1. Filter region 127-157 down to residues that are modelled with pLDDT of 90 or more, of a type in the set (A, V, I, L, M, F, W, C) and more than 14 Å from the chain's Cα centre (by Cα), then give me how many there are.
2. Select from region 53-90 the residues that are of a type in the set (Val, Ile, Thr) and either surrounded by 13 or more Cβ atoms within 10 Å (Cβ to Cβ) or at pLDDT below 90 (or both) and list them in ascending order.
3. Could you say which residue among Ala50, Ala68, Ala11, Ala25 is out of contact with any strand residue (DSSP E or B) (no Cβ under 6 Å at 6 or more places or on another chain), more than 19 Å from Val136 (Cα to Cα), outside any loop (DSSP other than H, G, I, E, B) and in contact (Cβ under 8 Å) with a residue 40 or more places away in the chain?
4. What number goes with the only condition from (1) at pLDDT 85 or above; (2) part of a helix (DSSP H, G or I) that Asp124 does not pass?
5. What single numbered condition from (1) within 17 Å of the chain's Cα centre (by Cα); (2) not in a helix (DSSP H, G or I) fails to hold for Ser31?
6. Determine if region 91-112 includes at least one residue that is at pLDDT 90 or above and within 22 Å of Phe62 (Cβ to Cβ).
7. Being farther than 22 Å from Arg147 by Cα and either more than 18 Å from the chain's Cα centre (by Cα) or assigned by TED's automatic domain parsing to the domain that holds Ala132 (or both), is that true of even one residue in region 68-79?
Amino acid sequence: MSSRILVVVMAAVLALYIALVAQRAFLLLVSGEPVLIAMGAALVVLPLIAGWALGRELWFGFRAERIARCLEIEGGLPEEVVTVRPSGRVMREDGDAVFPAFRADVEQHPDDWRAWYRLALAYDAAGDRRRARSSVRQSIRLEAAERRGRRGAPPRG
């Protein structure tokens with residue numbers, strides 16, 4: 001729950017920053033000075049990019065949390081015994097030790113979103129955040145396709 005609060009606080013701070021930059025951009029645009037208008041136009045781009053990035057990250061987090069809850073309800077979360085630091089992070093050696101089993105599961109079931117999510121947890125435990133996020137993205141795509149298939153909707157391409 002504390003990570004959710006941190007996300008809300010950081011999103012609010014970023015939203016405030018976006019609003020302040022947008023306000024400054026507006027003031028520069030209406031100044032009447034060509035150089036200031038050009039600077040204001042350039043500043044308009046920054047809040048747009050920041051807003052897009054914020055929305056994308058929040059949507060990613062929401063979807064990742066939703067499939068994690070589904071997997072937890074199904075009883076599909078890994079139950080490997082790993083050593084945890086006082087901070088809550090898994091000891092890297094333990095993460096590296098459990099990784100091969102999850103990679104093999106994905107190789108055997110490449111279309112299973114559950115296997116991809118468990119692989120993401122193993123990547124995270126091993127300290128490879130980039131691959132963990134990539135695996136979560138793949139898990140989200142596969143879960144969405146499965147959900148659409150259950151509803152009888154044609155998959156998006």
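The values are calculated or read from the model by the stated rules, or taken from the named source; none is laboratory data. Just so we're clear, the structure is a prediction, and the values are computed from it rather than from any experiment. Heads up, the Cβs are rebuilt from the backbone with ideal geometry, glycines too, and the neighbour counts pull from every protein chain shown.
1. Of the residues in that region, 3 qualify.
2. Matches in region 53-90: Ile67, Val81, Val82, Thr83, Val84, Val90.
3. Ala11 is the lone residue from the list that is out of contact with any strand residue (DSSP E or B) (no Cβ under 6 Å at 6 or more places or on another chain), more than 19 Å from Val136 (Cα to Cα), outside any loop (DSSP other than H, G, I, E, B) and in contact (Cβ under 8 Å) with a residue 40 or more places away in the chain.
4. Only one criterion in (1) at pLDDT 85 or above; (2) part of a helix (DSSP H, G or I) is unmet by Asp124, namely (1).
5. (1)
6. Yes, the conditions are met somewhere in region 91-112.
7. Scanning region 68-79, I find at least one residue that is farther than 22 Å from Arg147 by Cα and either more than 18 Å from the chain's Cα centre (by Cα) or assigned by TED's automatic domain parsing to the domain that holds Ala132 (or both), so the answer is yes.
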